[in-house]
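The values are calculated or read from the model by the stated rules, or taken from the named source; none is laboratory data. Since the model is a prediction, treat every value here as computed from it, not as a measurement. Cβ placement follows ideal geometry from the backbone for every residue including glycine, while neighbour counts extend to all protein chains displayed. To get the accessible areas, we keep the full protein, side chains included, count just its heavy atoms, and leave off ligands, DNA and RNA. Shrake-Rupley method; radii C 1.70, N 1.55, O 1.52, S 1.80 Å.
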Amino acid sequence: MQFPVFFNQQYPSLVDIAQRWNLVWQQDAEFELRFEQNTLTLHKRDEPKLAGISVDFVSGAVAHRRKFGGGRGQAIAKAVGLKQGVTPTVVDGTAGLGRDAFVLASLGCKVTMVERHSVVAALLEDGLRRAYDDAEIGAWMRERMQLFHGSSLEALADAAKVSGDEIDVVYLDPMYPHREKSAAVKKEMRVFQTLVGADLDADGLLAPAYELATKRVVVKRPDYAEDLAGKKPSTVIATKKNRFDVYVKAAMK
Ligand SMILES: C[S@@+](CC[C@H](N)C(=O)[O-])C[C@H]1O[C@@H](n2cnc3c(N)ncnc32)[C@H](O)[C@@H]1O
């Protein structure tokens, strides 16, 4: 399916990206793609004051968390079963901007990110390009993080084949419809949320995820959300605003 975006058609890299990701130039498109400081960036055109969004594994918030975050003590690490001597292989079935996947990769996991939205996939690929080239993190990023463009509802097993490994854990963090009165969403996330919308078909992800994972499926949810597909998890790891629902199939070894 083609997605409409506005971009500078005189800029060859943007023309290439549009072709590769099936993005079609449109004068009055809601979003614009730009290259800013060697970084593919998405802007919402009717809110020009909002900062653009991009994927940056090298500097910024995720890099800070890698250096100063809680390491293997973080809730997400516990949820996927990272512990002394155990570093699971992961398919992240709802990659988004790749932040959770990057946390897991920086802790040693091999992670295949699956993303269905072509603009998000383009941003992820651009983030990976810069990370792969980075002197500090490039070597392990090339080994551990990769992208698969497709829907996890149908293509999860194909994504796993790209990885070539047995998949221990499938991680899911679908976009949850926001409550009417929820506090103003962080501005940057507003651009992203307008782009992808609510993942109303998310319940369908649990079954293919459970089939693929050999050890467990982990689902990130807001604390007020109902269980994915109405299925009660084996364990829940709660954080301040979210929880990780863990569906255990077999023990981690
Ligand atoms: C809330 S975001 C994930 C954020 C991510 N965990 C992070 O840390 O950046 C959800 C993403 O999953 C994607 N998505 C939802 N359903 C999907 C599916 N069936 N297959 C692939 N991607 C999907 C959406 O397009 C969106 O980019």
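Taking strands (runs of 3 or more DSSP E) that do not extend beyond the stretch 15-128, which have at least 1 residues that are open to solvent by 10 Å² or more (accessible area, probe 1.4 Å)?
Working: elements: 23-25, 31-36, 39-44, 90-92, 111-115.
Correct list: 23-25, 31-36, 39-44, 111-115.
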Of the criteria (1) in contact (Cβ under 8 Å) with a residue 24 or more places away in the chain; (2) over 21 Å from Ile137 (Cα atoms); (3) aromatic (Phe, Trp, Tyr), which one Phe102 fails:
(2)
Applying the selection to the stretch 195-226, what residues are near the ligand (Cβ under 10 Å from one of its atoms), assigned to a loop (DSSP other than H, G, I, E, B) and crowded, with 17+ Cβ neighbours inside 10 Å?
Asp199
I need the full set of residues from the stretch 141-166 which are in contact with a Ser or Thr (Cβ under 8 Å, 6 or more places away or on another chain) and part of a helix (DSSP H, G or I), in order please.
Ala159, Ala160, Val162, Ser163
Filtered residue count, the stretch 167-191, keeping only those that are at pLDDT 90 or above and either more than 9 Å from the ligand (Cβ to nearest atom) or not in a loop (DSSP other than H, G, I, E, B) (or both):
6
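Pick from Glu143, Glu154: which is within 14 Å of the ligand (Cβ to nearest atom) and over 13 Å from Asp92 (Cα atoms)? Give the steps one after another, and end with the answer.
Working: Glu143 fails: within 14 Å of the ligand (Cβ to nearest atom).
Going through Glu143, Glu154 in turn, the sole match is Glu154.
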Taking the stretch 232-250, which residues are open to solvent by 70 Å² or more (accessible area, probe 1.4 Å) and not in a strand (DSSP E or B)?
Lys232, Ser234, Lys240, Lys241, Lys249
Looking only at the stretch 193-237, which residues are modelled with pLDDT under 95 and on the phi > 0 side of the Ramachandran plot?
Gly197
